[in-house]
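What follows is a set of notes on a single structure, which appears directly below.
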Amino acid sequence: MSDNQGSAVAQAVGTMLDARGIKESFGTLTVLKGIDLAVGRGEVVVVMGPSGSGKSTFLRCLTFPEEPDAGTVRVGDITIKAGAAKNQNDRRELRRNAGMVFQHFNLFPHKTVIENVMEGPIAVRKMEKARARALAMDLLAKVGLADHADYYPSRLSGGQQQRVAIARALAMEPQVMLFNEPTSALDPELVGEVLAVMKNLAREGMTMVVVTHEIAFAQDVADRVMFMDGGVVVEEGTPGQLFTSAREERTRRFLGLINRQPQGTPGKPVF
Ligand SMILES: Nc1ncnc2c1ncn2[C@@H]1O[C@H](COP(=O)(O)OP(=O)(O)O)[C@@H](O)[C@H]1O
Ligand SMILES: [Mg+2]
């Protein structure tokens, strides 16, 4: 199998997200040196790499809260090229097409769980309140929290709050979901419930890019794993390829390192 297998899959099923030549610098620090990523409809790509390798910056460049110095991003039917005349409408549409889930869930503390999920559909999609409530209830059921709809976030565990954050992102009915280390702020016993929700989403055919170091999740769910270091894609492949026979020394060293941490133990059941 070749490294091109992923992009071949992406082309065969229709590319949902296509990022080309993404470059970004902060002052004299070049963080992204030209990243390409094409994700097919229903594909799940896990992104791994050491701290500081540019994973978060790359995800931000995909939805343009951060404008890359160079490159083009397409999500669904919206394409934005870096440096092109600022088209705020396109930016809004692009962001609407991509649901983001962060390490810190940032729910509104003064709103109940269901109000948090209804907020986007009402404020951004101009959905009628009753419809937004029905949609939010469906999504809370999907993440296993229908019975917590009227709680305030402070009464929920971190794992439950992150599941609400996933429901909140889904309420915008995005074409792709981007996850930035969604379980790394959680106590170990709460990681599994969040990964289980993500796994179900993947099974339902959601297109996903997931920055995570959860090896067992990647093995189970990812179609492809992309390993970044120093602002470049060092290599990518299926989880089987990467975790057993990574080509590059840097990849092997990194995977060896994270395997020594308890949460990264290969084959450890997390569900
Ligand atoms: N807004 C910023 N201003 C200056 N430097 C930044 C900014 N955001 C990120 N960086 C730097 O870019 C590098 C990559 O960061 P990041 O994308 O967060 O990496 P990762 O998510 O892989 O840990 C780091 O050296 C970080 O300090
Ligand atoms: Mg990061």
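A few notes on this one:
- Region 66-99 - residue that is in contact (Cβ under 8 Å) with a residue 24 or more places away in the chain and within 14 Å of ligand 1 (Cβ to nearest atom) and, of those, least open to solvent (accessible area, probe 1.4 Å): Pro68
- Residue match in region 109-117 (condition: touching a Ser or Thr at 6+ places or on another chain (Cβ under 9 Å) and either within 25 Å of Val44 (Cα to Cα) or outside any helix (DSSP H, G or I) (or both)): yes
- Taking the criterion of being within 19 Å of Asn97 (Cβ to Cβ) and in a strand (DSSP E or B), the residues of region 11-34 that qualify are Thr15, Met16, Leu17, Asp18, Ala19, Arg20, Ile22.
- Picking from residues in region 62-78 that are in contact with a helix residue (DSSP H, G or I) (Cβ under 8 Å, 6 or more places away or on another chain) and part of a strand (DSSP E or B), the one that is farthest from Leu32 (Cα to Cα) is Ile78.
- Among residues of region 54-65 being open to solvent by 30 Å² or more (accessible area, probe 1.4 Å) and without any contact (Cβ under 8 Å) to a residue 60 or more places away in the chain, the one that is farthest from Val210 (Cα to Cα) is Pro65.
- Among the residues listed as Val194, Val164, Val209, the single one being among the β-branched types (Val, Ile, Thr) and either open to solvent by 10 Å² or more (accessible area, probe 1.4 Å) or free of Cβ contacts under 8 Å to residues at least 40 places away in the same chain (or both): Val194
The values are calculated or read from the model by the stated rules, or taken from the named source; none is laboratory data. Owing to the predicted nature of the structure, the values given are computational and were not obtained by experimental measurement. Glycine gets a Cβ as well: all are built from the backbone with ideal geometry, and neighbour counts include every protein chain shown. Please note that ligands, DNA and RNA were not included when accessible areas were found on the heavy atoms of the full protein model with its side chains. Shrake-Rupley method; radii C 1.70, N 1.55, O 1.52, S 1.80 Å.
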